[in-house]
Each structure stands twice: as structure tokens, then as C-alpha cells.
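Heads up: the structure comes next, in C-alpha cells.
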Amino acid sequence: MKDLLVERARTEEQLEDWRAVHNAIVPTAVLSSEQVRERAGRNRLDVAYSDGAPVGCSTVRPPDGETPAATVIARTLPGFRGRGFGTALYERGLAHARTLGGAGVETVVLASNEEGLRFALARGFVEVERYVLPGDTIPFVTLRLV
């Protein structure tokens, strides 16, 4: 895909681009710049650009005491879906997750994001849990790759 550039979000501009995409796709869990910087210290955050504009982002969380699986989350802005951007982000994240060890791979999708759920299910994920964050009404769906 020649018009796609995926970079690890390291600079303030890249982190802000990552944050803008995340907040557009997950409006129930809007993150501040400080929260994104903190996440970048413990997770791999990538941002995808097409023709210089941010079109997607991804998060890879390593396994930890709470979640023994690595977590891969790929997000693509609605106007850019269906062009392979999400697949490229997902495959890059999955490759990195597999270097982290752990008990498999999981993903998390906001339940109202039907396209995101279809994307995960089409790649072999199955739903294992739904949860609602305090103060929210829309659940998050945890899915595991089988």
C-alpha cells in the first residue's frame, strides 16, 4: 500500500495524531495528551498516515499481571475503512505482540463500533467479555484470537 505510512508514535506531533484518532473512534474514553504520553511509555503506539494525514492508530499492550495475553488494538477513522489501513495496522501490531510472549492475543472494541467488531471476528477473534467503565453506558468487548 504505497499511500500508507505507519510510524511508532514518539514525537509530540505523532502522539497528538494518535490521540486524535483514538478519541474520534473511542469517544467514551477520551484521553488527554498526558495520558497518551504515559501510555506510550508502557505500550507500543503506532500512527498511520495516508497522504500526510492521520487515518488510524494502534496500541500493543504487553502481557501483565492483569491480562496474561498481549493486546492488539487497531483503529481506522470511518472515512478510511475498507482500504487496507486497518489490516496493515493490525498485522504490524500482531507481529510485535508475538515477540512479547504471553498467553495469546486479545483485542478490545467499543460495542457500538460494529465495523470494528466485524473486523476482529473476521480475523479469528471470539468474544470473551463485555464490561462498562464507571460512568459509561456503552460496553467494551474483549475478544481473544483463537
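The values are calculated or read from the model by the stated rules, or taken from the named source; none is laboratory data. All figures in this text were calculated on a predicted structure; none of them were measured in a lab. Methodologically, a virtual Cβ is constructed for each residue, glycine included, from the backbone with ideal geometry; neighbour enumeration extends over all protein chains shown. Note: accessible area is taken over every heavy atom of the protein model, side chains too, but ligands, DNA and RNA are not part of it. Shrake-Rupley method; radii C 1.70, N 1.55, O 1.52, S 1.80 Å.
Observations on the model:
- Charge dipole (the chain, unit charges on Cβ, about Cα centre) - positive-most of SER32, ALA122, HIS22: ALA122
- Whether region 1-45 is rounded, prolate or oblate, judged on the alpha carbon gyration tensor where a/c under 1.5 counts as rounded: oblate
- Segment LEU5..ARG81, full-extension length gain: 25.8 nm, with 0.36 nm per residue of separation and the alpha-carbon distance subtracted.
- Based on protein heavy atoms only, the chain ends up with 52 Å² per residue of surface accessible to a 1.4 Å probe.
- Dipole check for region 1-71: with +1 at the C-beta of Lys and Arg, -1 at the C-beta of Asp and Glu, and the Cα centre as origin, the magnitude is about 200 Debye.
- Kirkwood hydrodynamic radius of the chain, Cα pairs, Å: 15.3 Å
- Take THR99: with every protein chain present and a 1.4 Å probe, its accessible area is about 100 Å².
- Average Cα contact separation per residue, region 29-146, under 8 Å, 6 or more apart, as relative contact order %: 19 percent
- The magnitude of the dipole of the chain, with charges of +1 and -1 set on the Cβ of Lys/Arg and Asp/Glu and taken from the Cα centre, is near 380 debye.
- The stretch between VAL126 and GLN35 holds 29.9 nm of extra length on full extension. This uses 0.36 nm per residue minus the Cα-Cα distance.
- Estimated distance in nm for a label pair at THR99 and THR28, the labels positioned 7 Å out from Cα along Cα-to-Cβ: 3.3 nm
- Where labels lie 7 Å past Cα in the beta-carbon direction, separation of LEU133 and ASN43 in nm: 1.0 nm
- Only one residue of GLY93, LEU45, GLY65 has its Cα farthest out toward the positive end of the dipole of the chain, where Lys and Arg carry +1 and Asp and Glu -1 on Cβ, and that residue is GLY93.
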